[in-house]
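Engineer: Questions regarding the structure given below will be posed in turn.
The values are calculated or read from the model by the stated rules, or taken from the named source; none is laboratory data. These numbers come from a predicted model, not from an experiment. Note that each Cβ is placed from the backbone with ideal geometry, even for glycine, and that neighbours are counted across all protein chains shown.
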Amino acid sequence: MRTACKCRAYPTSEQAAVLSRTFGCMRLVWNKTLSERTRRYHSEGARTSCRETDATLTTWRRSDDLGFLSEVSCVPLQQTLRHQHTAFQNFFSRQSRYPRSKSRAGKQSAHYTRSAFRMRGGSLILARTSTPLEFTWSFNGVDASELNPTMVIVSREPDGRWCVTFAVDVRDPAALRPANHVIGVGLGLTSFLVTSDGTRVSNPRLLHRKARNLARHQRRLARCRRGSNNRLKAKAEVARAHRKVRNARNDFLHRTSTALVRSADVVVIEDLNVKGTVRNRRLARAFSDAGWGEFRRQPEYKCERAGRRLVVIDRWYPSSKTCSTCGHLLAELKLSARHWPCPACRTRHGRDINAAKNIRAAGQAVARGDSGDACGADVRRQGSLLPLSAVEQDARIGELGS
Ligand SMILES: [Zn+2]
């Protein structure tokens, strides 16, 4: 199994200087190549290949005015060109927006492939540095002294902390014992999620809770004179405040997703394409604060490692408006209605739990129906799942915001 082990690193001032210079050169290579690509695309309508950008990099490293590029390791520079190439491929296949230029602010990271580092007995020496990079190891299952990474990524967080990530192949973990259980998960904003078992996990709303604290730091930053030392300090404070929110959110998401994967053999979630659908800015912030994008990703690899099955049901499926007892489909359900009685079978439903039960049933039908591996794959409209209009999807997303 391929995985990544990320830990804190403590470079010496010498190493930090080399790494910072590497980051600077990477930014320069990225931005210069990007503008060259853009110019060429607009004037000639031509795409630039990987080989061409590599050749340009070589000429830059040999030239007089850009000769300082050869003072840092070549590997991270080539890797940044690879990443830009991928960014363009994603852009051309309409998966992402046009690649943007890189700035000094924010996270910096450099990728080192095998030729650019040496790792022996748990000590790591990067290219162009003479001493081992100090790092802390906190992975109990993996022996640091036997580490043989295929790639090493050194990064500097906006608050100045350094990290090193090792891409390693480790033994596959043992599959979890069968739980003989299928669980349906409905997502929301008032409760982060509600399961078909009736468990409710409340939304920690971490950014919302810390908003006042963040705003205080940001006001202080805004008052500082540009270029002053106090401004640098204030900036570090803002970055630290953001880090705390980020760490708390990640912790919450990991705990929640791990608990889900442990509890059932088949985990059924609904697909929500939130990105680009929400125009309301306050709602959009609440969405990113909840961290659903990450929550959608975590069960995928966790299920795979644990030998569990993840079923993602189509986002057009009317999970809230269908009666989980008799299957009656309401024509309309108000966003404000937390409870509703079924006109056909007279069952009184709690809105969220009813939705989670329907999601579970839909996932079960999918798990029974097809033999292929649906783990992580989108399951499109199946059987009785009714296609709905775009209005319905907007309503569903509005509903999650209510
Ligand atoms: Zn009913």
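Engineer: Return the residue satisfying two criteria in turn: it lies in the stretch 320-346 and is among the aliphatic types (A, V, I, L, M) and in contact with a helix residue (DSSP H, G or I) (Cβ under 9 Å, 6 or more places away or on another chain), and of such residues it is nearest to the ligand (Cβ to nearest atom).
Structural biologist: Within the stretch 320-346, the first condition is being among the aliphatic types (A, V, I, L, M), and the residues that meet it are 329-331, 333, 335, 337, 344.
When the remaining residues are screened for being in contact with a helix residue (DSSP H, G or I) (Cβ under 9 Å, 6 or more places away or on another chain), the result is 333, 335, 337.
Working: Leu333: 13, Leu335: 20, Ala337: 15 Å.
Only one residue tops the list, namely Leu333.
Every residue, every condition in (1) of a type in the set (Ser, Thr, Tyr); (2) in contact with a strand residue (DSSP E or B) (Cβ under 6 Å, 6 or more places away or on another chain); (3) touching a residue at least 12 places away in the same chain (Cβ under 8 Å), yes or no:
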site	(1), (2), (3)
Arg2	no, yes, yes
Cys7	no, yes, yes
Thr33	yes, no, yes
Glu36	no, no, yes
His42	no, no, no
Thr56	yes, no, yes
Leu69	no, no, yes
Arg82	no, no, yes
Gly106	no, no, yes
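Engineer: What's the total number of residues in the stretch 92-111 that are among the charged types (D, E, K, R) and either outside any loop (DSSP other than H, G, I, E, B) or surrounded by 10 or more Cβ atoms within 10 Å (Cβ to Cβ) (or both)?
Structural biologist: Total satisfying the criteria: 3.
Engineer: Additional query: In the stretch 341-356, what count of residues is obtained for those that are free of Cβ contacts under 8 Å to residues at least 24 places away in the same chain and under 14 Å from Cys326 (Cα atoms)?
Structural biologist: Residues that pass the stated criteria total 7.
Here's the yes/no breakdown for (1) aliphatic (A, V, I, L, M); (2) touching a residue at least 12 places away in the same chain (Cβ under 8 Å); (3) closer than 30 Å to Ala110 by Cβ:
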{"position": "Asp172", "(1), (2), (3)": "no, yes, yes"}
{"position": "Ile183", "(1), (2), (3)": "yes, yes, no"}
{"position": "Asp197", "(1), (2), (3)": "no, yes, no"}
{"position": "Arg200", "(1), (2), (3)": "no, yes, no"}
{"position": "His217", "(1), (2), (3)": "no, yes, yes"}
{"position": "Leu221", "(1), (2), (3)": "yes, yes, yes"}
{"position": "Arg225", "(1), (2), (3)": "no, no, no"}
{"position": "Ala239", "(1), (2), (3)": "yes, yes, yes"}
{"position": "Ala248", "(1), (2), (3)": "yes, yes, yes"}
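Engineer: Would the stretch 223-235 turn up any residue that is at positive phi, in the same structural domain as Ile353 (by TED's automatic domain parsing) and not charged (D, E, K, R)?
Structural biologist: Looking for residues that are at positive phi, in the same structural domain as Ile353 (by TED's automatic domain parsing) and not charged (D, E, K, R), one finds at least one in the stretch 223-235, hence yes.
Engineer: Scanning the stretch 299-319 for residues that are among the hydroxyl-bearing types (Ser, Thr, Tyr) and crowded, with 21+ Cβ neighbours inside 10 Å, which turns out nearest to the ligand (Cβ to nearest atom)?
Structural biologist: Our first condition is that a residue be among the hydroxyl-bearing types (Ser, Thr, Tyr); within the stretch 299-319, this holds for 301, 317, 319.
Next cut, crowded, with 21+ Cβ neighbours inside 10 Å only: 317, 319.
Numbers: Tyr317: 17, Ser319: 14 Å.
Step by step, filter the stretch 299-319, then rank; the result is Ser319.
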